[in-house]
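Values quoted throughout were computed directly from the atomic coordinates according to the rules given, and no laboratory measurement underlies them. The shown structure was predicted, so the numbers you read here are calculated from the model rather than taken from an experiment. Positions of Cβ are generated from backbone atoms using ideal geometry, with glycine treated the same way; all protein chains shown enter the neighbour counts.
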Amino acid sequence: MKKTLFLWLFLMMLAPVTAQQQRGKGHPDFKEKFQRLTEKKWDFIQKRLALTPQEAEALHPVMVEYDKQRFNLIRKRREILRVIKGENHPAISDKEALQKTEELIAIDKELYRIKMAYYDKIRKILPPRKAFELIGLESAWRQRLMHRNGKKHRKPRHPNDRPHILNNRR
């Protein structure tokens, strides 16, 4: 019994490690999922803004380029932040900490620069009202994704699982 329990626990601990190795940028499934996600985002924005065919044709390449640049910078930021995440992070010197902080600030500045360049291009393509709505839709899209991902990873709850105040009274 103990051997079976130990083996089961060992396999459960090993499962997330192998799953993490399979995922990632180099994994073929990642590119396919990323492509589908960008297509869904484009459909979401196109429907919500009610873009004309001319606006859609002009806006699409600008959005694709912006998303690629933004994705690469966010990936760099995550790589830097991995150093300080978790309890077992390696101790870094003050000099390394200062360097990592400056790198993060440089990435934030670059994100701001590409965002401003992106909106300058959008203002030439879309009327002001639609350009303004696009800013809100991008935030709405990210919130929608985070909400959906949160639902995927949460356990479904049954109403009877909630503790009730009166159950603890005697």
Each residue of segment 122-131 in turn: what ³J(HN,Hα) in whole Hz from Karplus with 6.51, -1.76, 1.60 and θ = phi - 60°, glycine and Pro shown as x? 5, 4, 7, 9, 10, x, x, 5, 5, 4
Exposure-ranked with fewest Cβ neighbours within 10 Å first, Lys76, Lys109 stand as Lys109, Lys76
Tell me, what ³J(HN,Hα) does each residue in segment 108-117 have, in order and in whole Hz, if you take phi through Karplus 6.51 cos²θ - 1.76 cosθ + 1.60 with θ = phi - 60° and put x for Gly and Pro? 4, 4, 5, 4, 5, 4, 5, 5, 5, 5
Taking a ≥ b ≥ c as the square roots of the Cα gyration tensor eigenvalues, with a/c under 1.5 meaning rounded and otherwise prolate when a/b beats b/c, else oblate, which class fits segment 29-139? prolate
State which entries of Lys100/Lys124; Lys40/Lys121; Lys40/Lys130; Lys33/Lys85; Lys47/Lys100; Lys31/Lys121 exceed 30 angstrom in Cα-Cα distance in the structure shown. Lys100/Lys124; Lys47/Lys100
